[in-house]
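The values are calculated or read from the model by the stated rules, or taken from the named source; none is laboratory data. Everything numeric here is computed off the predicted structure, so don't read it as measured data. As a convention, Cβ positions derive from the backbone with ideal geometry for all residues, glycine included, and neighbour counts pool all protein chains shown. Surface areas here come from the heavy atoms of the whole protein model, side chains and all, with no ligands, DNA or RNA. Shrake-Rupley method; radii C 1.70, N 1.55, O 1.52, S 1.80 Å.
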Amino acid sequence: MSATTDGSRRLPAGRKADLAAYVAEHGQVTVANLAERFDVSPDTIRRDLDALDADGVLIRTHGGAISPQAVPRPDTGVDVRLRIQTSAKDQIGALAAGLVRDGASLMINAGTTTLAVARHLSEHRDLTVATNSLRMPTEINPLAFRDLYVFGGVVRLSAQGTIGAVAFPSENGTDRDIRCDLALIGVGAVNADAGYSTSNLGEAAMMSAMMDRSTKVAVLADATKFGRRLFAQIAELGRADYLVTDAPPPPDLAAALESAGVEVILPPAAG
């Protein structure tokens, strides 16, 4: 049990409540940091984190924990990111699926928000999907698509996706030109000055190429991405036709999006 400032001892339930509040405040923490902060052994902290994870209070990670409302680090794995901002991603997924017509051809990049879109395409039919997501084939309803293609390239495990050319070779070895009706692109950051960005240079280049090969572009980003700037720019704001999100952008970003001709699509309750 941990000590309070007056020297008394706290019950484990009290420590767990304090620990949950600490993780919520700091977003992402390590076992070592928590053990020092609460003056208990690392094994005790691990048991507390396991219990809080089981209760849905936080998300257990290798060596620590993360808040379900946190902005994850770029190297955070897909299995963890799937449990972060789940309500926002589900809302965005439903809205983005509403942009898709039956029979359309789609570019979809790897990411947890785009996987939410895939789950909302279950009632669609006759789609053609081109993606770099290794999870997409198992997430999308097989009845929804006519053809599903996965781009080759280097596998990035943290994203469960490939990084390479947005192209497929023909029989003679040259790249076959492809074009889609709509690109659904999940991004890591949306900034009034820097546009859309992500943490990995190869991913940024691939996402930009997906946009270039699509007639319309929908960028998907929850409100935690607003105002941020990550390492590699994907495109300027005006490259997208739509920004699909869960909450209204702040005034400066909203003005920049309007000036760039980007339609912001929000859930009815947030609109």
- Message: Can you give me the accessible area per residue for the range 193-271, using a 1.4 Å probe, in Å²?
- Response: 44 Å²
- Query: Packing-wise, with mean Cβ within 10 Å as the measure, how do 226-239, 196-209 rank, highest first?
  - Reply: 196-209, 226-239
- Note on the structure: For the range 205-214, in residue order, the Karplus 3J(HN,Hα) values (coefficients 6.51, -1.76, 1.60; θ = phi - 60°; whole Hz; Gly and Pro = x) are 5, 5, 5, 5, 5, 4, 4, 5, 9, 10
- Note on the structure: Excluding ligands, DNA and RNA, the carbon-plus-sulfur percentage of the accessible area of the chain with a 1.4 Å probe reads 51 percent
- Message: Give the separation of the Cα centroids, the range 128-164 to the range 213-271, in Å.
- Response: 24 Å
- Message: Just to be sure I understand the model, the point goes 7 Å from the Cα along the line to the Cβ. What's the resulting Arg229 to Ala247 distance in nm?
- Response: 2.2 nm
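To the nearest 0.05, what FRET efficiency results for Glu36 and Ser87 with a Förster distance of 35 Å applied to their C-beta separation?
Numbers: r = 33 Å, r/R0 = 0.94.
It comes out at approximately 0.60.
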- Note on the structure: The set of residues whose placed amide H lies less than 5 Å from the amide H of Phe168, leaving out same-chain residues fewer than 5 positions away, is Arg176
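Hey, with R₀ at 45 Å, roughly what FRET efficiency would Ser122 and Thr174 work out to, going by the Cβ-Cβ distance, to 0.05? Display every interim value, and only then the final one.
On the way: r = 36 Å, r/R0 = 0.80.
For R0 = 45 Å, the calculated efficiency reads 0.80.
Restricting to Cα pairs below 8 Å that are 6+ residues apart, what does the relative contact order work out to for the range 162-271? Please round to a whole percent. Write out the running numbers ahead of the final one.
Details: 218 pairs, mean separation 27.9, N = 110.
Contact order relative to length: 25 percent.
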- Task: Using R₀ = 35 Å, calculate the FRET efficiency as 1/(1 + (r/R₀)^6) where r is the Cβ-Cβ separation of Ala24 and Lys216; round to 0.05.
- Result: 0.35
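For the range 81-233, calculate the relative contact order in percent as a whole number, restricting contacts to Cα pairs under 8 Å that are 6 or more residues apart.
Once normalised by length, the contact order is 22 percent.
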- Excluding same-chain residues fewer than 8 positions from Lys89, which lysines have a Cα within less than 23 Å of its Cα? Lys216, Lys225
- Query: Which translational diffusion coefficient, to the nearest whole µm²/s, is obtained for the range 205-262 from the Stokes-Einstein equation, given a Kirkwood hydrodynamic radius over C-alpha pairs, 10 °C and 1.306 mPa s?
  - Reply: 131 µm²/s
- Report the far tail of the P(r) of the chain, meaning the percent of Cα-Cα pairs longer than 27 Å. 44 percent
- Query: What does the helix-only formula give at 222 nm for the chain: each DSSP H stretch with n ≥ 4 adding -39500 (n - 2.57), the total divided by the residues, and the result rounded to the nearest 500 deg cm²/dmol?
  - Reply: -9000 deg cm²/dmol
- List the relative contact order of the chain as a percent without decimals, with contacts defined as Cα pairs under 8 Å and 6+ residues apart. 13 percent
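What ranking, highest mean first, results for peptides 37-44, 161-168 when packing means the other Cβ atoms within 10 Å averaged over each residue? Could you put the intermediate results ahead of the total?
Values: 37-44: 15.0, 161-168: 19.0.
Highest-to-lowest ranking by the protection proxy: 161-168, 37-44.
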